[in-house]
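Contents: one structure, followed by commentary.
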Amino acid sequence: MSPSASPLRAWLAADEPVVLDGALATELENRGCDLRDPLWSARILIERPELIRAVHADYFAAGADVAITASYQASFEGFARRGIGAEEANALLRRSVELAAAARDAFWAEPRNRVGRRRPLVAASVGPYGAMLADGSEYRGHYGLARPALMDFHRPRMGALLAAGADLLACETIPCLDEALALAQLLAEFPGAEAWIAFSCRDDAHVCQGERFDDCLRALDGFGQVAAVGLNCTAPAHVVPLLTAGRAATAKPLLAYPNSGERYDPGGKCWHGAADARQFAAAARGWYAAGARLIGGCCRTGPAEIAAIAAWARAAAA
């Protein structure tokens, strides 16, 4: 696509940090939602959509420039398992975008919120095939699916999210190069659309399936509709080495929105450790120095972390 058509162009051209939001599921749980369900946060699209809008609103108020929608674990296949037909599933996918857009528009309608800010964007979350399986596959890969099958899986919900008016797609927590290439190739079927692609990574050099992170970014470099590349849902300790390698592998803008630093126990389905918003924001400065231009948080981060990052970002831009 033409660079002039990119919603991110004005942000990135200024060479200033673009602040992404933080975890949606964490905030929903903090507000009393039970997400122990294969649909995870997508369940709340059905049951309490007003809470999703409220979380988006809190992130905008905290300083987020981009909201990521509640569609990560939403798919036609996943909804079908709950007895939800294609028409209703399509409506729920659209709702995820509409809730974020409504929160953004309400925020932007207040003149005081526009001071020193650009109009925020809505990025529709496109989670990996493994998220639909709800068995942790997004942290392993090795789906056993060929690229055309992955494209067939992603195509209908990408279409629904774009039709709902998302500014761009956030293809996130991608564990392997083949799925990333399926998503990148699929974008050509949606002229004018753009996406970022963020990998889940297991160490300082590799995505979760085992390919080298820098090789994955290099392989995406020729796809014009991929606006940015990087990582998410990864331990903060790995971010700087990954970005350092990534910066040498691609000309695309880099993004990083890792987890809080707490450790997840997949067996007990619980987190260990404690989050510290100031430490997270201090680490974010290192991610920016290592090349990241879009920076936010993933699991276990919240408005406090995003507010701390935004405060630093605004100061850096001044």
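The values are calculated or read from the model by the stated rules, or taken from the named source; none is laboratory data. This one's a predicted model, so the numbers in the text were calculated from it and none came from an experiment. When we count neighbours, we look across all protein chains shown, and the Cβ atoms used for this are built from the backbone with ideal geometry, even at glycine.
Pairing residues of segment 226-237 that are farther than 16 Å from L177 by Cα and assigned to a strand (DSSP E or B) with residues that are modelled with pLDDT under 95 and polar (S, T, N, Q), at Cβ distances under 6 Å and at least 6 apart in sequence or on separate chains, gives A227/S6. Working carefully through the options L177, L162, L133, find the one that is without any contact (Cβ under 8 Å) to a residue 40 or more places away in the chain, aliphatic (A, V, I, L, M) and within 19 Å of R202 (Cβ to Cβ). Residue meeting the stated conditions: L133. Could you say whether any residue in segment 201-212 is acidic (D, E), in a loop (DSSP other than H, G, I, E, B) and within 21 Å of A289 (Cα to Cα)? Yes; the residues of segment 201-212 include at least one that is acidic (D, E), in a loop (DSSP other than H, G, I, E, B) and within 21 Å of A289 (Cα to Cα). In the set R48, R81, only one residue is surrounded by fewer than 20 Cβ atoms within 10 Å (Cβ to Cβ), in contact (Cβ under 8 Å) with a residue 40 or more places away in the chain and either aliphatic (A, V, I, L, M) or over 23 Å from R285 (Cα atoms) (or both); that residue is R81.
Against the conditions (1) part of a loop (DSSP other than H, G, I, E, B); (2) at pLDDT below 95; (3) of a type outside the set (D, E), G297 satisfies every one except (2).
This table checks each residue for (1) surrounded by fewer than 13 Cβ atoms within 10 Å (Cβ to Cβ); (2) at pLDDT below 90.
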| position | (1), (2) |
| --- | --- |
| L242 | no, no |
| A249 | no, no |
| Y257 | no, no |
| G261 | no, yes |
| D265 | yes, yes |
| K269 | yes, yes |
| A274 | yes, yes |
| A277 | no, yes |
| A289 | yes, no |
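Output the residues belonging to segment 78-98 that are touching a Leu at 6+ places or on another chain (Cβ under 8 Å), assigned to a helix (DSSP H, G or I) and either of a type in the set (A, V, I, L, M, F, W, C) or closer than 20 Å to R53 by Cα (or both). Answer for segment 78-98, where residues must be touching a Leu at 6+ places or on another chain (Cβ under 8 Å), assigned to a helix (DSSP H, G or I) and either of a type in the set (A, V, I, L, M, F, W, C) or closer than 20 Å to R53 by Cα (or both): F79, L92, L93, R94, R95, S96, V97. Looking at A134 and the list (1) over 16 Å from the mean Cα position of the chain (by Cα); (2) surrounded by 22 or more Cβ atoms within 10 Å (Cβ to Cβ); (3) among the aliphatic types (A, V, I, L, M), which single condition is not satisfied? Single failed check for A134: (2). For segment 172-194, the criterion of being surrounded by 24 or more Cβ atoms within 10 Å (Cβ to Cβ), hydroxyl-bearing (S, T, Y) and assigned to a strand (DSSP E or B) is satisfied by at least one residue. Taking the residues in segment 301-318 that are touching a Gly at 6+ places or on another chain (Cβ under 8 Å) and in a loop (DSSP other than H, G, I, E, B) as candidates, determine which candidate is surrounded by the fewest Cβ atoms within 10 Å (Cβ to Cβ). Filtering first and then ranking leaves G302.
Screening A25, A74, A61, A67 for residues that are in contact with a Phe, Trp or Tyr (Cβ under 8 Å, 6 or more places away or on another chain), aliphatic (A, V, I, L, M), under 22 Å from R157 (Cα atoms) and in contact (Cβ under 8 Å) with a residue 60 or more places away in the chain leaves exactly one candidate, A25. The residues on offer are P156, P148, and the sole one that is assigned to a helix (DSSP H, G or I), more than 20 Å from K252 (Cβ to Cβ) and within 19 Å of the chain's Cα centre (by Cα) is P156.
Inspection of segment 114-124 identifies at least one residue that is over 18 Å from C299 (Cβ atoms), over 19 Å from the mean Cα position of the chain (by Cα), assigned to a helix (DSSP H, G or I) and without any contact (Cβ under 8 Å) to a residue 24 or more places away in the chain.
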